[in-house]
1. Among the numbered criteria (1) open to solvent by 60 Å² or more (accessible area, probe 1.4 Å); (2) assigned to a helix (DSSP H, G or I); (3) under 30 Å from Met151 (Cα atoms); (4) touching a helix residue (DSSP H, G or I) at 6+ places or on another chain (Cβ under 6 Å), which one does Thr202 miss?
2. Using the structure shown, decide if Ala182 is among the small types (Gly, Ala, Ser), open to solvent by 50 Å² or more (accessible area, probe 1.4 Å) and free of Cβ contacts under 8 Å to residues at least 24 places away in the same chain.
3. Of the residues in the stretch 158-179, how many are closer than 15 Å to Leu103 by Cβ and open to solvent by less than 60 Å² (accessible area, probe 1.4 Å)?
4. Take the residues in the stretch 113-123 that are of a type outside the set (A, V, I, L, M, F, W, C) and open to solvent by less than 60 Å² (accessible area, probe 1.4 Å), then tell me which one is nearest to the chain's Cα centre (by Cα).
5. Among the residues of the stretch 248-259, how many are modelled with pLDDT under 80 and surrounded by 10 or more Cβ atoms within 10 Å (Cβ to Cβ)?
6. Quick check on this structure: which one of Leu167, Leu116 is touching a residue at least 24 places away in the same chain (Cβ under 8 Å), in a helix (DSSP H, G or I), at negative phi and not aromatic (Phe, Trp, Tyr)?
7. Please list, ordered by first then second residue, the pairs with beta carbon atoms under 9 Å, 6 or more apart or interchain, first in the stretch 124-139 and free of Cβ contacts under 8 Å to residues at least 24 places away in the same chain and open to solvent by 40 Å² or more (accessible area, probe 1.4 Å), second among the basic types (Lys, Arg) and not in a helix (DSSP H, G or I).
8. Spot the failing condition for Arg195; the list is (1) part of a loop (DSSP other than H, G, I, E, B); (2) surrounded by 10 or more Cβ atoms within 10 Å (Cβ to Cβ); (3) without any contact (Cβ under 8 Å) to a residue 12 or more places away in the chain, and only one is missed.
Amino acid sequence: RVAFDLGVPSLSRRNSSSALRMAATDDEDEDEDSDDEDDSDDDDYDSLAARRRSLRSSGGELGSSFAGLKLDPYDPNPPIKPRPGRYGFRAIDELKPPADSDLVQTMSEGERKENLEAMRQIKKFDLADLRLRKDHAGWVEANNDLKRREMKDPWFNLNERMKDAVLTGEDGEAQYLEGLIAKTGGPPPGITVGRRGYALHTEIYDVGMTTSRAASMLEQEILDDRVKRHRAMAAEARANQEKARRRFEEKMRGTGENTDEKEAKERRERMMQRLMGELEEDKKKREERAKELLGKIPDMPEDISSSFDRALKEAQDDVRKQKRKERLGDDYNEDEDEEGGAPVDGEGG
């Protein structure tokens, strides 16, 4: 037991000494790594400083060489060539339309039609396809071709000017442009100019309606119809309120016709008209039925008074027959009575 107790402290001392040696080794390794990083940072700094000095010296030389340079924006041959823009280089003469006095239609109807078809092909399909393929050079070339084709036919430029004149309300300019358009042969075949006096972009290039545009137009029509119905309902409500107000004022003043009695009278008249119509319809049906059965229409009273007289006469005849039968008893002959006999006492009138 004594030997065991004495051995434990010795083991702990050996472990502690080894841990100290390992810690010292780690510290030395970290110091070496930090020294290497510092050396590399110094090298990078020296190279960066040298690069900056060289750039500064070269910039000074460049600055001295371009110090007296003056750029003229109207110089046709600039010392520094311009970079192409988004749509490439465009010549000023190409985009400048001719004067009005020099406008002449140089193409025939067939050539104008082919030119329009080519423009629609470029605008609707070629440019979109080149944009999707990210072919910038091809897009610029196709767009320049489209511009050249527009400049070939003077109607396109006149159409744009006509659009501006109509939208700004310049009637004199619009009439002047109408003469120029007629001089150049009007729009090319395939374009119809409506009442506006000019053709829209969608009409020129035959651009169909998109799905979103159709949906927006449908929503707008629904909204307009709803607004119309609401306005009609509001107008009807105002008319009813005004009618009720006038009715109340007439009732309070005691003037005018009683509205309740007037409405009741109107209802009675409508009811009588409906009943008389039904009676006339029944009468026609009975006459048609009698004609089918008897072959002719029997004598019928044409009005109420004649019908009443006929019914009264039939009643008088029945009373006279009854009195004669009571008087004669068994000697009563109905056939003789129908042929017409002498009136009995008290008969007549």
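The values are calculated or read from the model by the stated rules, or taken from the named source; none is laboratory data. Owing to the predicted nature of the structure, the values given are computational and were not obtained by experimental measurement. Cβ atoms come from the backbone with ideal geometry, glycine included; neighbour counts cover every protein chain shown. Keep in mind that these areas ignore ligands, DNA and RNA; they rest on the heavy atoms of the full protein, side chains included. Shrake-Rupley method; radii C 1.70, N 1.55, O 1.52, S 1.80 Å.
1. It is condition (4) that Thr202 fails.
2. yes
3. 5
4. Step by step, filter the stretch 113-123, then rank; the result is Arg120.
5. The qualifying residues number 5.
6. Among Leu167, Leu116, only Leu116 is touching a residue at least 24 places away in the same chain (Cβ under 8 Å), in a helix (DSSP H, G or I), at negative phi and not aromatic (Phe, Trp, Tyr).
7. His136/Arg86
8. (2)
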